[in-house]
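Rule-based calculations on the coordinates, nothing more; no lab input. Because the structure is predicted, anything quoted here is derived from the model rather than measured. Using ideal geometry, Cβ is built from the backbone for each residue, glycine included, and neighbour counts are taken over all protein chains shown.
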Amino acid sequence: MTYRFIDGHNDTLMQLDHGVEDFFKGINSSHIDWPRGKKAGFAAGFFAVFCPNPFTDPTPVAFTTSKGYEKPLPKPLTYSYASNYTIKMIGRFLELERKSNGRFNIARTVEDVEKSIKGKGMAGILHIEGAEGIDENLNALYVYYEAGLRSLGPVWSRANIFGEGVPYRFPSSPDTGPGLTPAGRNLISACNELGIMVDLSHLNERGFWDVQKLSHAPLVATHSNAHAICPVTRNLTDKQIDAIADSNGLIGVTYSINPNMVSPDGKNNERAPLTEITRHIHYIAERVGIEHVALGSDFDGTRIPLDLKDVTGVPRLLELLKKKGWTDEELDLLTYKNWLRVLGDTWK
């Protein structure tokens, strides 16, 4: 049986520099494209707009510590650079729908996502990962919303005018710096007003609790795992997991092994077994309920285990859960029903 699923995060737009037509033909270097997505049951996903640092910026070099590693954060982006890049990537996202011949549709409502689950097409949810391309007055936020923006992470793992992300550090608490700025608090309020889902992945712990106090929507981390299993800064503590569940929110489990967010030792191990991913799914489900865990791969934004390979490996992941006793009804919650509930509670 092939389960139709919603995936919480991908960076596939960055793979389409040579034209969006490649997405429909197939891209060997990527984790997702139309042919493999259709085969695997990829019904909908959050397509991230992420601004890399300019090539002129020196890349911070990771260094080891006595217990693990730390990768310093790249320097903040200028608004002009980030704004131009964000517009370029949103244009690319819109072009995917325009050149798809009906195979790819932008999801602006829950009904749009449901149609994709029930049909044979694919839906894309526009997500911004790091709000550097949004001005302090939030004028751009309203423009991007009209273009289809329905999910936003205030920060990636570097500081901006809205707050601070976490550095990649293992082992470490996610409590690594100050919380949201006044502009960040205004951004969260505006997202609530418009019905834009706020993604807590990459936000540091103080920022997390600021959002929890401000937001009246379910709390969501689209691609994060359990800190109790893998104590890297990007993962969620038990207290954070509990808060997400208390808000009727959701955690999309990521498959990332570089940086490694699945393995207890934190080492970048491409041969990590799929059971190290399902362990996080089991942990969250057992702690707060199956209703609060989903899939959040981070395809095309990280390295993933060789055994998973790409989107076609997701059915094997689900088969592992089935062998452990998960019912079809429980797998339906994990693969799409939990996402539909949270989007229904969030989007206007």
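For the reader, a short list of remarks on this structure follows.
- Efficiency of FRET between E330 and K213 - r from beta-carbon atoms, R0 41 angstrom, step 0.05: 0.80
- Were the residues from N248 through K322 laid out at 0.36 nm apart, the gain over their Cα-Cα distance would be 24.2 nm.
- Ranked S30, S173, S224, criterion: other C-beta atoms within 10 Å, fewest first: S173, S30, S224
- Close amide H contacts of R158 (hydrogens built in the peptide plane, cut-off under 5 Å, sequence separation of 5 or more or a different chain): G165.
- Database remark: amide H of R234 closer than 5 angstrom to the amide H of R169 (H placed geometrically; neighbours at sequence offset of 5 or more, or on other chains; Pro and chain starts carry no H).
- Listed residues I27, I244, I106, most fluctuating in the chain (Gaussian network, C-alpha, under 10 Å): I27
- Cross-link partners of K322 among aspartates and glutamates (Cα-Cα below 16 Å; sequence separation of 8 or more within a chain): E276, E286, E330, D332
- Measuring between their Cα centroids, segment 147-188 and segment 1-75 lie 19 Å from each other.
- When you count the other C-beta atoms within 10 angstrom of each residue and take the mean per peptide, 47-57, 321-331 line up highest first as 47-57, 321-331.
- A dipole drawn for the chain from +1 and -1 charges on Cβ atoms has a positive end, and of L126, F23, I257 the residue lying farthest that way is F23.
- Choice from T335, T233, T78 with maximal GNM fluctuation in the chain (Cα, 10 Å cutoff): T78
- Under the Karplus curve 6.51 cos²θ - 1.76 cosθ + 1.60, θ = phi - 60°, whole-Hz ³J(HN,Hα) for segment 257-262, x wherever Gly or Pro sits: 10, 8, x, 6, 10, 10
- Where both bridge residues fall in the chain, DSSP classifies roughly 25% of the beta bridges as antiparallel.
- Here the Karplus relation 6.51 cos²θ - 1.76 cosθ + 1.60, evaluated at θ = phi - 60°, turns the backbone of segment 298-313 into coupling constants of 6, 4, 6, x, 7, 8, 10, x, 4, 5, 7, 6, 6, 4, 5, x Hz, with x for every Gly and Pro.
- Mean separation of Cα contacts under 8 Å, 6 or more apart, over the residue count of the chain: relative contact order %: 18 percent
- Residue among V262, V61, V166 with the largest mean-square fluctuation in a Gaussian network model of the chain, springs linking Cα atoms under 10 Å: V61
- The sum of -39500 (n - 2.57) across all DSSP H runs of n ≥ 4, divided by the residue count of the chain, sets its helix-only mean residue ellipticity at 222 nm to -10000 deg cm²/dmol.
- In plain terms, if you count all Cα to Cα distances in segment 237-348 and split them into 10 Å steps from zero, the share in each step is 14, 46, 35, 6, 0 percent.
- Taking amide H as placed 1.01 Å from N in the peptide plane, L295 has its amide H under 5 Å from the amide H of G8, V253, each at least 5 places away in sequence or on another chain.
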